[in-house]
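Enquirer: Just passing along the structure, written as structure tokens.
The values are calculated or read from the model by the stated rules, or taken from the named source; none is laboratory data. Computed from a predicted model, the values in this text were never measured in an experiment. Every residue, glycine among them, receives a Cβ derived from its backbone with ideal geometry; neighbour counts consider all protein chains shown.
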Amino acid sequence: MNVLYGPSATRGRSLEKAFEFAEKAKALDDKYWGGPSALGTAYLLKRDYDKALFEGKLSTETCANSSGAATFYGWTLRSVGRYEEALKECERALRIDLSTSTRCFIWVQPI
């Protein structure tokens, strides 16, 4: 986790940092999908899947034409075992921007 949010002594402290940075990102621009996706990632790390899914869906609603938001939501769906929905989101991301293909392939490959 330290690669994403900086080094810390414990997993708990890393999660605190993750939420701190994600909340800041979301507050900077509430119309950019990156804030909800960062917060969703923090919730995934905390294993709070309902909130991760909420933030993932919010990122797609915030920026409906963002391949990054669709890819992130697909990754979140995959993380909670909703594979068919994950594939649909990654397909949507590819329709928005074909350069997303590498990220989608890596995230849904084990399916």
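Enquirer: Filter the range 46-77 for residues that are of a type in the set (A, V, I, L, M, F, W, C) and in contact with a Leu (Cβ under 6 Å, 6 or more places away or on another chain) and give the result.
Expert: Kept after step one, since they are of a type in the set (A, V, I, L, M, F, W, C), are these residues of the range 46-77: 52-54, 58, 63-64, 69-70, 72, 75, 77.
Passing the criteria: only A52.
Here's the yes/no breakdown for (1) surrounded by fewer than 21 Cβ atoms within 10 Å (Cβ to Cβ); (2) at pLDDT 85 or above:
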{"residue": "D30", "(1), (2)": "yes, no"}
{"residue": "G40", "(1), (2)": "no, yes"}
{"residue": "E55", "(1), (2)": "no, yes"}
{"residue": "T62", "(1), (2)": "yes, yes"}
{"residue": "F72", "(1), (2)": "no, yes"}
{"residue": "S79", "(1), (2)": "yes, yes"}
